Each structure stands twice: as structure tokens, then as C-alpha cells.
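What follows is a set of notes on a single structure, which appears directly below.
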Amino acid sequence: MNAATRYRLLNNFTILISVIGVAIALLDSGFTLPTWLQQVFHIFYLVIIFLSFMVTAGRYIYTKKPLTLNKVAVFDALTSIAIIILLTAHFTDLVRSGLSAAVDGFVAIKIAVFVTFVRELSDHNFNLNRTFLHPAQFFILSFLVVVLVGALLLMMPNATTQPLSFVDALFTATSAVCVTGLS
């Protein structure tokens with residue numbers, strides 16, 4: 001297997017685990033979890049960020065072209081700096097708390113995972129030529145998906161001060177997506 005194929009596989013794997021990382025960060029933020037599970041998630045977040053840095057470095061090491069200052073390189077540099085700042089803030093808070101505090105209050109590491117997800121997803125080339133849906137159908141489907149995901153996120157225990165029914169969460173999410181301001 002040549003280096004380009006290994007890099008592509010590593011890139012696809014990093015996209016997959018960053019999607020899983022964002023889902024776990026949402027789960028971690030939305031529910032009250034045991035401390036040991038939060039610590040496992042914390043280690044998983046760090047693995048995601050480490051793999052992302054490896055893939056980003058590989059993007060420039062395995063390229064045949066000389067390094068140029070283009071939009072992608074600037075975006076990679078800015079997101080890398082942002083992740084380093086977030087990790088510094090995270091570990092500063094962790095050291096201040098005596099290394100024994102629960103990691104559920106640290107938002108910086110979850111934001112770093114989300115930035116990693118955005119960076120890895122933006123590097124991936126999606127082939128939109130073989131579409132299965134008409135653009136109008138895709139537009140309607142995207143609204144439905146965003147509304148349903150928003151309703152599910154609103155139903156998480158830590159999302160509201162009192163439990164919401166599915167109908168109320170669906171109404172609020174639909175109102176937010178359609179920018180009607182009904183709720």
C-alpha cells in the first residue's frame with residue numbers, strides 16, 4: 001500500500017472518529033454521566049485531536065507540490081492555532097483544579113473536537129455529481145433532518161430546566177429552523 005492510499009485511509013478514519021467524537025460530546029453535554037465514563041470520553045477526545053494533527057501534518061508532508069500559502073493552508077494554520085489555544089485553556093483549568101476534578105465542566109476540549117470535525121470534513125472531497133435526490137428534495141430533506149436533530153437535542157435532560165415533550169421540542173426546533181420566532 002502506497003503512502004497516498006494510507007493517508008486517504010487515515011483521513012477517512014479521522015473523519016469517522018471526529019463524527020463519533022462530536023456525537024459523544026453532545027451525549028456528554030446533554031446527559032449526566034458517571035465520572036469514569038467522562039474520563040474515558042476525555043481520553044477519546046485527546047486521541048481524536050492527536051490523529052487530526054497527524055492527518056493535517058501528513059497533508060503537507062505527502063504532497064508532491066511545494067508548500068504554498070493558499071486558503072486551505074491558512075485555514076489549517078488558523079484551526080491548528082485555535083485547537084492549541086483551546087487545549088492550553090483546557091489543561092490550564094485541569095491543572096488549576098488539581099487534576100482530580102471531573103472533566104464534565106471543561107468545554108474547551110469539546111470545542112476543540114468540534115473544530116477538528118469541521119477541519120477534517122472541510123478537507124474531504126465529496127462527489128456531488130452522483131446525486132440521488134433532486135436539489136429541491138435535498139433542500140426539504142435537510143430541513144427535516146435539522147428540525148428532528150434539533151428536537152432530539154432539546155429533549156436532552158441538560159438542555160432545559162424542565163423536561164419537554166416531543167411535540168414542544170419539535171415546535172421549538174421548527175420555529176428556530178424556519179426563523180419564524182413562534183416560540
Practice task
Might you check whether a residue that is on the phi > 0 side of the Ramachandran plot and modelled with pLDDT under 75 occurs anywhere in the range 89-107?
Solution key: yes
Handout entry: Within the range 121-142, tally of residues that are part of a helix (DSSP H, G or I), at pLDDT 75 or above and either within 20 Å of the chain's Cα centre (by Cα) or surrounded by fewer than 10 Cβ atoms within 10 Å (Cβ to Cβ) (or both)
Key = 5
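Given S18, S52, which one is modelled with pLDDT of 80 or more, under 30 Å from P163 (Cα atoms) and of a type in the set (S, T, N, Q)?
S18
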Completion exercise
Only unsatisfied item for M156, checking (1) under 21 Å from V19 (Cβ atoms); (2) in a helix (DSSP H, G or I); (3) in contact with a Gly (Cβ under 8 Å, 6 or more places away or on another chain); (4) at pLDDT 85 or above, is (2)
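Against the condition assigned by TED's automatic domain parsing to the domain that holds L87, modelled with pLDDT of 80 or more and over 15 Å from the mean Cα position of the chain (by Cα), how does L67 come out, does it pass?
Against the criterion (assigned by TED's automatic domain parsing to the domain that holds L87, modelled with pLDDT of 80 or more and over 15 Å from the mean Cα position of the chain (by Cα)), L67 does not qualify.
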Exercise for the section: Within the range 18-50, track down each residue that is among the β-branched types (V, I, T) and crowded, with 19+ Cβ neighbours inside 10 Å. Expected result: I24, I48, I49
Handout entry: Filter result (in contact (Cβ under 8 Å) with a residue 12 or more places away in the chain, in a helix (DSSP H, G or I) and out of contact with any Pro (no Cβ under 8 Å at 6 or more places or on another chain)) within the range 28-45
Key = D28, S29, T35, Q38, Q39, F41, H42, F44, Y45
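The values are calculated or read from the model by the stated rules, or taken from the named source; none is laboratory data. Quick caveat: nothing in here was measured; it's all calculated off a predicted structure. Note: ideal-geometry Cβ built from the backbone for every residue, glycine included; neighbour counts use all protein chains shown.
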